[in-house]
Amino acid sequence: VSSYCRVLSQYALEQKLYPELTQEFVENIFTCSPLHDIGKVGIPDAILNKPGRLTPEEFDLMKLHSSIGGDTLRDIERRLNWGESTCLSMGKEIAYTHHEKWDGSGYPAGLIGADIPLAGRIMAVADVYDALTSKRCYKDAMPHENARSIIVEGRGTHFDPQLVDAFLACEAQFVAIREAFDG
């Protein structure tokens, strides 16, 4: 996911899609994006490794990983007395917001549109693509074309429309990254 995040954010920087994007942002999201699911340490293994579909109750527990992760990184920041360190702060922001959706139907806070921090919006695209194209204990890997269709369908509902356009512009790089990790 870190490579996908770097590709998306670098493209968005070069195209001047968001005023807050800087080269430092691109490097920070690459470095800290692996922290996005750190909250899964607080989710029972029976749920994380379940081969079938989660029950509504299990899914409610799974959704807690965003808050657990964000809270964990917030507490580390406080304990280390680092203040708002750029990378750790971005990691915290990503952990909290990578499951928010553009239309407000995501979790944990139901943020809408540009209220979702940019790093969380970028991670949403990267994380979904990675989840769809990776084999998991509960599913096989999906081909790029199917994952592409799902992301395009989510344009303006699940995902920031500009980031879906950026994904489409960079999809060859996504395929190359996936192939490098699969090979």
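The values are calculated or read from the model by the stated rules, or taken from the named source; none is laboratory data. Predicted model only: the values in this text are computed from it and were never measured. Quick reminder, even Gly has a Cβ in these numbers, built from the backbone with ideal geometry, and neighbours come from all protein chains shown. What goes into the accessible areas is simple: the full protein's heavy atoms, side chains included, and nothing from ligands, DNA or RNA. Shrake-Rupley method; radii C 1.70, N 1.55, O 1.52, S 1.80 Å.
Key figures for this structure:
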item: Checklist (1) closer than 23 Å to Phe167 by Cα; (2) part of a helix (DSSP H, G or I); (3) touching a residue at least 24 places away in the same chain (Cβ under 8 Å) applied to Glu100, failing item; result: (2)
item: Qualifying residue in region 69-82 (condition: assigned to a loop (DSSP other than H, G, I, E, B) and either in contact with a helix residue (DSSP H, G or I) (Cβ under 9 Å, 6 or more places away or on another chain) or open to solvent by less than 70 Å² (accessible area, probe 1.4 Å) (or both)); result: yes
item: Subset of region 104-131 [β-branched (Val, Ile, Thr) and open to solvent by 10 Å² or more (accessible area, probe 1.4 Å)]; result: Ile112, Val128
item: Lys92 vs. criteria part of a helix (DSSP H, G or I), of a type in the set (Lys, Arg) and free of Cβ contacts under 8 Å to residues at least 60 places away in the same chain; result: yes
item: Breaking point among (1) surrounded by fewer than 19 Cβ atoms within 10 Å (Cβ to Cβ); (2) under 21 Å from Asp130 (Cα atoms); (3) basic (Lys, Arg), for Arg6; result: (1)
item: Selected residue (only one of Phe159, Phe181 is aromatic (Phe, Trp, Tyr), surrounded by fewer than 13 Cβ atoms within 10 Å (Cβ to Cβ) and within 30 Å of Asp45 (Cα to Cα)); result: Phe181
item: Search result, residues across region 135-180 that are closer than 24 Å to Lys50 by Cβ and in a helix (DSSP H, G or I); result: Asn146, Ala147, Ile150
item: Tally of residues being buried (at least 16 other Cβ atoms within 10 Å of the Cβ), part of a helix (DSSP H, G or I) and of a type outside the set (Lys, Arg) across region 32-47; result: 8
